[in-house]
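Q: Quick one: structure below, then a few questions.
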Amino acid sequence: MGSSSFASYVIQLPLLLFFLVSFSNAANDLPSFSNIIFNLDRDPLTLQYRININQGTPLATVKLVLDFSGKLSGLYCNKGAYTSSSYQPIKCLSPQCSLASKPVTCVSCNGTNPKNTWCHKNGCSISTRNPVTRFSGKGELISDVVYTESIYAFRNEGYIRGPIDLRPISFGCATNSNFLKGLGEGAKGVAGLGRSSRLSLVSQFSAAFPQFCRAFALDLSGLLIYFGGGPYIYSYGTFFGDLSKLFHYTPLLANPKSIEEYFIDVKSVKIHGKTVPIDKKLLSINKTTGVGGTKIDILKPYTVLETSIYKAFIKVHTKWAKGMNVSRVTTVAPFGACYKPSTIPPWTSKPGSVAFIFPKSEWRIVWRDLVSVNNDGVRCLGFVDGGLKPKTSIVIGAHQLGWFMEFDTSKSRWGFLQPESGQQ
């Protein structure tokens, strides 16, 4: 770290230590932290979820769109778009560069100013990718300090959110403004949450905190993201405790052509107990091509189904609706079936409206099969047609995901809650 960067870091560190000491004195007998936590928000137009990371010197909030397939987080840095006195370019012959770029390529430029973010001689040249538009462009690998917090339970009756410290994290520095296209307003880049990469946020935080496992969890109701595994201290109504004790699990599958993504083994789909007729070949992953199967992708606002699955799904759901005297209304794009809200019966948690059946468990959905689409309260089936030959047959989107889930890459499993566990 350069002298000016080190000075900035040292100035910032005593202030952080002051808060740490004050926090420790304020809450006695706190257990050691087991994860770190960041706030999320959601862009109202694109429906993208973003992590809010406080990083750099001085600390500033950076919004990054969650990318489940991302090997590396990326920021737009060109021409002063990212200003921090504590960031450092990563050299092309460093171990980190070998993780980010194969083959390793060194940056060649005329700029000699160490704070010229978009060009550092002998820096690590990488490719940056926008998961929404699929745009790829050149960039550099940099690191900067990130402010971390955790939640501490105490006295068996409440919890405190408090600071931990600053940790250096590596990011890709994109130099082309096209990198930001398709991202929601205010987003400065993407947060790579890929399953296998050693430079994803999941892997970097587990390396920065040796007691952590490679896992992250999403609380889409409370708009929080956790790194490091449980316990997940939660208070809702009369419940106070560790949500991870309520999890059901199903294995994460390996797709040799999409090693960063989160695939699960869906064997069948049911709607109010009725099995949707699906060609079983579509539900398995072709080990040669990587085509087929089911994955989870929070960038998709709604679950996307291959056309034959979608048509069968709509048929079974509308048949159920007719039998329950639920009135259909004119469809609203992109949905294929919409209903008059006053005719929809009250929901119960058992059985779930839609159930994804795994080899040894099932995941039931209540409420989240339908979505309100206009001011009249019209409710549409929140699943969309993904075409005849998509790469993945079923892509479970954000609307169906629920409120709390865990992606545990260290044990290759996905943890989810059933409707009776809490909110939906």
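The values are calculated or read from the model by the stated rules, or taken from the named source; none is laboratory data. What you are looking at is a predicted structure, and each value in this text was computed from that prediction instead of being measured. Note: ideal-geometry Cβ built from the backbone for every residue, glycine included; neighbour counts use all protein chains shown. The protein model used for the area step is the full one, side chains on, heavy atoms only, and it has no ligands, DNA or RNA in it. Shrake-Rupley method; radii C 1.70, N 1.55, O 1.52, S 1.80 Å.
Q: Give me the percent relative contact order of the stretch 214-332, please, defined on Cα pairs under 8 angstrom at least 6 residues apart.
A: 15
Q: Additional query: Expressed as a whole percentage, what fraction of the accessible surface of the stretch 44-136 belongs to carbon and sulfur atoms when a 1.4 Å probe is rolled over the protein heavy atoms?
A: 56
Q: Could you tell me how far the Cα centroid of the stretch 282-339 sits from the Cα centroid of the stretch 353-388, in Å?
A: 8
Q: A further question on this structure: Give me the 1.4 Å probe accessible area per residue for the chain, excluding ligands and nucleic acids, in Å².
A: Computed with neighbouring chains in place, this is 45 Å² per residue.
Q: Measure up K281/K311; K295/K340; K295/K389 against 20 Å on the Cα-Cα distance and list the ones that go over. Provide the component values of the computation, followed by the final result.
A: Numbers: K281/K311 17 Å; K295/K340 31 Å; K295/K389 15 Å.
Flagged as over cut-off: K295/K340.
Q: Near D67, within a Cβ-to-Cβ distance under 11 Å, what is the net charge of the other residues, with Lys and Arg +1 and Asp and Glu -1?
A: Every neighbour counted, the sum reads 0.
Q: Right, next: Can you give the local net charge around C213? Use residues other than it whose beta-carbon is closer than 10 angstrom to its beta-carbon, Lys and Arg +1, Asp and Glu -1.
A: Values: positive: R214, K411; negative: D408.
Net charge in that neighbourhood comes out at +1.
Q: Given a cut-off of under 8 Å on Cα pairs at least six residues apart, what relative contact order in percent is computed for the chain?
A: 16
Q: For T46, T238, T330, give me the order by solvent-accessible area with a 1.4 Å probe, most accessible first, ignoring ligands, DNA and RNA. Please report the intermediate quantities before stating the final value.
A: Numbers: T46 45, T238 150, T330 115 Å².
In descending accessible area the options line up as T238, T330, T46.
Q: What lysines could a cross-link reach from K91, if we take a straight Cα to Cα line under 28 Å and drop same-chain neighbours fewer than 8 places away?
A: Partners found: K63, K71, K79, K102, K115, K121, K138, K188.
Q: Show me, bin by bin at 10 Å from 0, the whole-percent P(r) of the stretch 297-424 based on Cα pairs.
A: 12, 41, 37, 9, 1
Q: Out of the stretch 150-230, which trypsin sites (Lys or Arg not before Pro) are coil in DSSP terms and have no more than 16 other C-beta atoms within 10 Å?
A: Qualifying residues, ordered by number: R155, K181.
Q: Run the accessible area of the stretch 270-330 with a 1.4 Å probe and give the carbon-and-sulfur part as a rounded percent.
A: 56
Q: I would also like to ask the following. Taking only C-alpha pairs under 8 Å that are 6+ residues apart, what is the relative contact order of the stretch 197-269 in percent?
A: Over the stretch 197-269, the number comes to 17 percent.
Q: Return the equivalent ellipsoid semi-axes of the stretch 54-96 as a descending list in whole Å, where each equals the square root of 5 times an eigenvalue of the C-alpha gyration tensor.
A: They are 18, 18, 10 Å, listed from largest to smallest.
Q: Right, something else. At 1.4 Å probe size, with the rest of the protein present, what percent of the exposed accessible area of the stretch 169-254 is carbon and sulfur atoms?
A: On the way: 1650 of 3190 Å².
Ligands and nucleic acids excluded, carbon and sulfur reach 52 percent.
Q: Describe numerically, in nm with one decimal, the distance between label points set 7 Å from Cα along Cα→Cβ at K322 and at L388.
A: In this crude spin-label approximation the distance works out to 2.7 nm.
Q: Next question. Under a 10 Å cutoff between Cα atoms, tell me which one of R129, R368, R328 has the largest fluctuation in the Gaussian network model of the chain.
A: R328
Q: A follow-up question, please. Across 10 Å bins from the origin, how do the percents of Cα pairs in the chain run, short distances first?
A: All Cα pairs considered, the percentages come to 4, 20, 29, 24, 15, 6, 1, 0.
Q: Beyond 18 Å, what share of the Cα-Cα pairs of the stretch 112-270 is found? Please give it as a whole percent.
A: That tail contains 70 percent of the Cα-Cα pairs.
Q: Quick one: order C380, C213, C119 from most to least accessible surface, probe 1.4 Å.
A: Values: C380 0, C213 45, C119 25 Å².
The residues order as C213, C119, C380, largest area first.
Q: Ok, one more. Can you list which of the DSSP-assigned H helices in the chain have a Cα extent of 18 Å or more along the long axis and an average Kyte-Doolittle score of at least 0.0? Write out the running numbers ahead of the final one.
A: Working: long enough: 3-26 (35 Å, 1.33); 307-323 (24 Å, -0.24).
Membrane-span-like by this criterion, though nothing is claimed about a membrane: 3-26.
Q: So which chymotrypsin sites (Phe, Trp or Tyr not before Pro) in the stretch 241-347 pass both tests, a DSSP loop state and at most 15 other Cβ atoms within 10 Å of the Cβ?
A: W347
Q: Just to be sure I understand: of the beta bridges DSSP finds with both ends in the chain, what percent are antiparallel, rounded to 5?
A: 85
Q: Give, in whole angstrom and from largest to smallest, the semi-axes √(5λ) of the equivalent ellipsoid of the stretch 252-361, with λ running over the eigenvalues of the Cα gyration tensor.
A: The equivalent ellipsoid of the stretch 252-361 has semi-axes of 29, 15, 13 Å.
Q: No partner Cβ under 4.7 angstrom, meaning no disulfide-compatible partner by this rule: which Cys of the chain qualify?
A: Within the chain, the cysteines lacking a partner Cβ under 4.7 Å are C213.
Q: What's the local net charge at V326, with K and R +1, D and E -1, over the other residues with C-beta under 14 Å away?
A: That sum, taken over residues with Cβ under 14 Å, equals +4.
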